1. Which one of these does Glu46 not meet: (1) more than 30 Å from Pro112 (Cα to Cα); (2) touching a His at 6+ places or on another chain (Cβ under 9 Å)?
2. Which one of the conditions (1) modelled with pLDDT of 85 or more; (2) farther than 22 Å from Arg149 by Cβ does Ile107 fail to meet, given that it meets all the rest?
3. Can you pull out the residues in segment 29-52 that are part of a strand (DSSP E or B) and under 26 Å from Arg217 (Cβ atoms)?
4. Give the residue that is nearest to Thr26 (Cα to Cα), with candidates limited to residues of segment 181-228 that are of a type in the set (A, V, I, L, M) and within 38 Å of the chain's Cα centre (by Cα).
5. Is at least one residue of segment 53-60 part of a strand (DSSP E or B), of a type in the set (A, V, I, L, M, F, W, C) and without any contact (Cβ under 8 Å) to a residue 24 or more places away in the chain?
6. Condition first: touching a strand residue (DSSP E or B) at 6+ places or on another chain (Cβ under 9 Å) and either loosely packed, with under 14 Cβ neighbours inside 10 Å or part of a loop (DSSP other than H, G, I, E, B) (or both). Now tell me which residues in segment 114-133 satisfy that.
7. How many residues does segment 151-201 contain that are under 16 Å from Val138 (Cα atoms), of a type outside the set (A, V, I, L, M) and open to solvent by less than 60 Å² (accessible area, probe 1.4 Å)?
8. Could we say that Ile82 is open to solvent by less than 80 Å² (accessible area, probe 1.4 Å), in contact with a strand residue (DSSP E or B) (Cβ under 9 Å, 6 or more places away or on another chain), in a helix (DSSP H, G or I) and at negative phi here?
Amino acid sequence: MARQTFWKGYLKLSLVTASVSLTPATTESNKVHFHVLNRQTKNRVESRYVDSVTHKPVAERDQVKGYPRGEGGYVLLEDEEIEEVGLESTRTIEIDSFVPRGSIDWIWYDKPHFLAPADKVGVEAFCVIREAMKANDVVGIARLVLYRRERAVLLEPQGKGIILWTLRYGDEVREPFAEIDDKAKIDSKLLTLMKQLVKEETRDWSPTMVQDPIQKRLKSMIRGKQKNLKKAAPAKKPAPVKSTGNVINIMDALKKSLAEEGERKPR
């Protein structure tokens, strides 16, 4: 199945610009998804916004975002006001700085995306930017509006393309809750045994190491329930139409129609 491009724009470094497309590098389409049903009717249950006091449904046109200011009050913000706060990075990935590759801890990495040229015209500019980063062993830092939020992004050359990582915000990453005593002594014999164990258990990386066993069991359970369900009675085939015996060839029918038409014309 072809991957769906969900963003198109431009990659820019100084005066060099390339038309690019962005595609999520991960997917959750293989996960088991459930619908919430009414146990009695087996109909799907809808979720709706209701007023927390009157318990009446609230139409979309009457919904507005509010920031709590204490004592039950809110500062109301319209969607247009929130959108105006965003910078001009909606359709342009402008690299404004570089950092050494590997200098950013993995805890800052959020979601990976594949970045690729969107047309033949932008291939050369895209490749020049990618190879320049490879040669200097650096990654690019830029900003981009994705998922309705402006985010810092990291651009990392990989193979023939570039991986674009959204980075977590500074207030999303916590400090370690406990410090480890780096002065603690380690038994040398214990360390030797542990090194040996680690060496024996070292394997080459394979995606099978991170398969989800719960998803596998869920799918197996669903298949079992499907087999136990009573099969619906097959639809009755319509009774064959009895032939009247007057099967007429299309060519004969046309000749007959033309002959009848000729007889109708006045002579």
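1. So the condition that Glu46 fails would be (2).
2. Among (1) modelled with pLDDT of 85 or more; (2) farther than 22 Å from Arg149 by Cβ, Ile107 violates only (2).
3. Across segment 29-52, the qualifying residues are Leu37, Arg44.
4. Val210
5. no
6. Listed by number, the residues that qualify are Ala118, Asp119, Val121, Glu124, Val128, Glu131.
7. Residues that pass the stated criteria total 5.
8. yes
The values are calculated or read from the model by the stated rules, or taken from the named source; none is laboratory data. The structure displayed is predicted, hence computed values, not measured ones. As a convention, Cβ positions derive from the backbone with ideal geometry for all residues, glycine included, and neighbour counts pool all protein chains shown. For the accessible areas, the whole protein counts, side chains as well, though only heavy atoms, and no ligand, DNA or RNA atoms are used. Shrake-Rupley method; radii C 1.70, N 1.55, O 1.52, S 1.80 Å.
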